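**Student:** Structure in structure tokens, see below.
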Amino acid sequence: MLYEGFMAGGVAAGGQLTTTTDVENYPGFPTGVGGIELTELYRQQSINCGTRIETLTVDRADLNERPFTVFAVDQSVRARTLIVATGATAKRLDVPGADRLWQKGISACAVCDGALPVFRDKPLMVIGGGDTACEESLFLTRYGSSVTMLVRRDVLRASKTMQQRVLTNDKIRIAWQTELVEVLGEQLVGGLRVRDNASGREREIEAGGLFFAIGHQPNTAFLDGQLDTDDNGYVLTAADSTATNVPGVFACGDVQDKVYRQAVTAAGTGCMAALEAERFLDRHG
């Protein structure tokens with residue numbers, strides 16, 4: 001049984017891929033594939049393999065004893081094994097224009113979307129000051145005419161190594177103590193209204209693309225702390241495994257991966273989790 005969720009975390013069933021336009025690094029699609037199209041193919045393949053799909057969001061789970069109990073709205077099921085594949089939701093800023101122009105020049109994944117034609121040879125903006133923001137900015141220099149990091153403080157939170165790479169890159173500019181106020185544009189992002197936190201003054205700047213790099217929130221609230229996680233909430237799994245600290249519970253995809261966060265890597269760990277769950281059942285019956 002698969003609980004695919006119903007607007008869980010504000011995202012449609014299928015997860016973050018449903019908010020991605022083109023996926024160009026998934027094997028078997030030489031010209032790329034749309035994110036929504038890919039998730040629909042996943043769904044059909046699952047059904048063809050005998051999966052029963054419920055379009056419900058899991059509210060909570062009791063992992064204290066096996067079989068585990070999973071609760072979704074007004075129903076519950078018992079499960080001898082459980083695979084947690086609930087992903088993570090990219091954090092976004094709630095400013096005017098951000099929702100209207102989402103995926104119309106706004107993204108939360110440079111590696112996923114940065115190479116798209118809409119961003120080519122345009123001035124690109126990245127919001128954030130940590131390692132992720134630095135990595136995304138460096139990646140975007142391959143495609144944009146320039147990259148500007150909007151940092152609300154006067155320092156970067158990134159590691160010294162990442163700071164050095166950014167500060168010595170001629171295509172990257174840092175707008176210190178600068179905060180996003182509004183995203184401008186009609187059909188596509190055309191500019192930003194920003195505020196200088198030191199003076200309080202606002203101004204408009206040209207932008208052909210905006211990337212949020214302020215982190216992700218793993219979707220683990222329903223577990224209520226029953227699985228071990230790191231300080232950021234990502235589920236911890238054993239080395240070379242998808243096994244969690246609870247025997248019979250496995251985790252795969254972006255809910256336990258804060259490094260790669262790609263569809264292809266999530267599919268790989270999904271395969272690992274399925275094989276491990278099958279072996280667990282063989283051993284424990």
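The values are calculated or read from the model by the stated rules, or taken from the named source; none is laboratory data. A quick note: this is a predicted structure, and the numbers were derived from the prediction, not measured. Backbone-built Cβ (ideal geometry, glycine too); neighbour counts: all protein chains shown.
**Student:** Checking the conditions here, which among 39, 31 is at negative phi, among the polar types (S, T, N, Q) and out of contact with any helix residue (DSSP H, G or I) (no Cβ under 7 Å at 6 or more places or on another chain)?
**Tutor:** Working: 39 fails: out of contact with any helix residue (DSSP H, G or I) (no Cβ under 7 Å at 6 or more places or on another chain).
None of the other options fit; the residue is 31.
**Student:** If you go through the range 92-108 one residue at a time, do you hit one that is in a loop (DSSP other than H, G, I, E, B), touching a strand residue (DSSP E or B) at 6+ places or on another chain (Cβ under 9 Å), of a type in the set (Ser, Thr, Tyr) and surrounded by 15 or more Cβ atoms within 10 Å (Cβ to Cβ)?
**Tutor:** no
**Student:** Could I ask something else about it? Is it true that some residue in the range 178-186 is modelled with pLDDT under 95 and more than 21 Å from the chain's Cα centre (by Cα)?
**Tutor:** We begin by selecting, within the range 178-186, every residue modelled with pLDDT under 95; these are 186.
Cutting the leftovers down to more than 21 Å from the chain's Cα centre (by Cα) gives us 186.
Yes, that holds for at least one residue.
**Student:** Hey, can you tell me all the residues within the range 63-86 that are charged (D, E, K, R) and in contact (Cβ under 8 Å) with a residue 12 or more places away in the chain?
**Tutor:** To start, the set of residues in the range 63-86 that are charged (D, E, K, R) comprises 65-66, 74, 78, 80.
Scanning the range 63-86 gives 66, 80.
**Student:** Then there's this: Just checking, how many residues over the range 74-91 are of a type outside the set (Lys, Arg), part of a loop (DSSP other than H, G, I, E, B) and under 21 Å from residue 255 (Cβ atoms)? Explain how you work it out, then say what you get.
**Tutor:** Step one: of the range 74-91, the residues of a type outside the set (Lys, Arg) are 74-77, 79, 81-90.
Narrowing further to those that are part of a loop (DSSP other than H, G, I, E, B): 74, 81, 85-87.
After this cut, where a residue has to be under 21 Å from residue 255 (Cβ atoms) as well, the list is 81, 85-87.
Result for the range 74-91: 4.
**Student:** Do any residues in the range 263-274 that are farther than 15 Å from residue 250 by Cβ and assigned by TED's automatic domain parsing to the domain that holds residue 85 have Cβ atoms under 7 Å from those of residues that are β-branched (Val, Ile, Thr) and surrounded by 15 or more Cβ atoms within 10 Å (Cβ to Cβ), where the two are at least six apart or on different chains, and which pairs are they?
**Tutor:** Correct list of pairs: 263/23.
**Student:** Looking at (1) among the hydrophobic types (A, V, I, L, M, F, W, C); (2) modelled with pLDDT of 90 or more; (3) assigned to a loop (DSSP other than H, G, I, E, B), which is the only condition residue 13 fails?
**Tutor:** (2)
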